[in-house]
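The values are calculated or read from the model by the stated rules, or taken from the named source; none is laboratory data. This structure is a prediction, so every number in the text was calculated from the model and none was measured. Ideal geometry is used to build each Cβ from the backbone, glycine not excepted, and the neighbour counts take in all protein chains shown.
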Amino acid sequence: MDEEALSNVTKQKVAAAKQYIENHYKEQMKNLQERKERRTTLEKKLADADVSEEDQSNLLKFLEKKETEYMRLQRHKMGADDFELLTMIGKGAFGEVRVCREKTTGHVYAMKKLKKSEMLRRGQVEHVKAERNLLAEVDSNCIVKLYCSFQDDEFLYLIMEYLPGGDMMTLLMRKDTLTEDEARFYVGETILAIESIHKHNYIHRDIKPDNLLLDRHGHLRLSDFGLCKPLDCSTIQEGDFSVVNNNGNETTQNGERPAAPKRTQQEQLQHWQKNRRMLAYSTVGTPDYIAPEVLLKKGYGMECDWWSLGAIMYEMLVGYPPFYSDDPMSTCRKIVNWRTHLKFPEEAKLSPEAKDIINKLLCNVSHRLGTNGADEIKAHPWFDGVEWDKLYQMEAAFIPEVKDDLDTQNFENFEESENQTQTTSKTGPWRKMLSSKDINFVGYTYKNFEIVNGYQVPGMADLKKKDTKPKRPSVKSLFGRPMPVPDLFLGNMHYDHPLSTHLKFLAVI
């Protein structure tokens, strides 16, 4: 028996090593191809532009230097020890999210840390890999930026940009409701975010205010900081558990009235806010924004994200989600029986156009706006006058108060325990044999080409003054002083503009 068990472990390790090696060389080939594409794109831009040979040569040399820096960073084995862990801004069943500071550069990021054993136990491996792939693949100002991902024996890590404006959940709790103009702005940016992931054939499935983050200027980015397990409502069928009597009140199948009395809009709002945080960070989570076809596990497509948009819009204007109940299972029952339970309180005073678009989002898939693409929703009269290509350039509906790069006042406060602030040791060399369980996470490690840019964003002026060489490659050590770059490429940039602007140009190629 022991020999058989040993044999199985050996087979698993061999399989893990094989997959690890295959993935390693696959990534090398992919990086080489992307490097060639960046060079070709730049050469084409230069060929089409009126640029001197000297300027062309300087730009090509600059790109090569940046590529060299990126290769060095690729070889560097990043780990949790490279970062100073600071304030926790999110937690859930699978892990936590913290503000962190990169020790070499001092730059601030958000670190999402997920426990491997919980991922495996709860069957979330494919979900977490899909999240990493989405963040790595989608390059959009509507999506939170992923700079790198790595792993150790116990945890998976995502290093993302830190958005200090908080999330939509916090904003709604502070404001109660939004005006239709304010809601139109944030619903519009949410549409652009959803559209950007749909173009890459990704479905979010769990869009909710917790996952709509705000940057320091108040603009919205889509993420997935909830870390909560979706509620399993697969046993619920349409028409199950609740019906409606002649008075329009909900009853159970045996005709009894539910225990909770009917509330006014203000009472429902107060009850919702009282329970909102608890639901958001529980291991069960809240199903308030999940489409009925997802709950029923009948098969679903990208249309389910537009249902979530409708539920969020309803909450923005009314103050609570359209199917909120005292417990999550009751909410599930209302969602799958949405025809009976979707109502607008008179006190909310919604415009006819607002009610119409919500009704056309919270409906059957076959009739749902967005089924034929986001343009269907954008064309609705409620959005008349919206300049979609300028939403992210205009002033946001709300400007969050942010004192500095480490400010977390716009996030919930979490109690700390001693073991939460400890990090595991850095991962070993790349040739280290994977454990049998890690075969599930082969290929998770990733570094964005723009991570070189990321090291530029804060404190550019200070970088020029440093003489000490960092323990691992940094942009300052490689590039030193910025080079002159033609205004043709950099818009209104002057020749003494910080190096980050040069990198910004190269990032678009």
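Here are some notes:
- All helices (runs of 4 or more DSSP H) inside the range 327-368 with 2 or more residues being free of Cβ contacts under 8 Å to residues at least 40 places away in the same chain: 352-361
- Taken over the range 116-131, the residue count meeting the criterion of being crowded, with 20+ Cβ neighbours inside 10 Å and either at pLDDT 80 or above or closer than 15 Å to H200 by Cβ (or both) is 2.
- Any chance E182 is closer than 30 Å to G385 by Cβ and either without any contact (Cβ under 8 Å) to a residue 24 or more places away in the chain or charged (D, E, K, R) (or both): yes
- Per the listing K113, K61, the residue uniquely modelled with pLDDT of 80 or more and assigned to a strand (DSSP E or B) is K113.
- Residue in the range 197-211 that is farthest from P321 (Cα to Cα), counting only those that are of a type in the set (V, I, T) and assigned to a loop (DSSP other than H, G, I, E, B): I203
- Filter pass, L296 being more than 30 Å from I89 (Cβ to Cβ) and in the same structural domain as A193 (by TED's automatic domain parsing): yes
- In the range 289-338, of all residues being surrounded by 24 or more Cβ atoms within 10 Å (Cβ to Cβ) and acidic (D, E), the one that is farthest from the chain's Cα centre (by Cα) corresponds to E315.
- When the range 133-172 is limited to residues that are over 27 Å from E118 (Cα atoms) and surrounded by fewer than 19 Cβ atoms within 10 Å (Cβ to Cβ), the one that is modelled with the lowest pLDDT turns out to be D139.
- Any hit, the range 132-151, residues being under 29 Å from Q393 (Cβ atoms), free of Cβ contacts under 8 Å to residues at least 40 places away in the same chain and either in the same structural domain as N201 (by TED's automatic domain parsing) or in contact with a strand residue (DSSP E or B) (Cβ under 8 Å, 6 or more places away or on another chain) (or both): yes
- Members of the range 369-420 found to be of a type in the set (S, T, N, Q), surrounded by fewer than 17 Cβ atoms within 10 Å (Cβ to Cβ), in contact with a strand residue (DSSP E or B) (Cβ under 9 Å, 6 or more places away or on another chain) and part of a loop (DSSP other than H, G, I, E, B), listed by number: N413
- Any hit, the range 41-56, residues being in a loop (DSSP other than H, G, I, E, B), modelled with pLDDT of 80 or more and in contact with a strand residue (DSSP E or B) (Cβ under 9 Å, 6 or more places away or on another chain): no
- Answer residue from the range 180-223, given it is at pLDDT below 95 and among the hydroxyl-bearing types (S, T, Y) and is nearest to S140 (Cα to Cα) among those: S196
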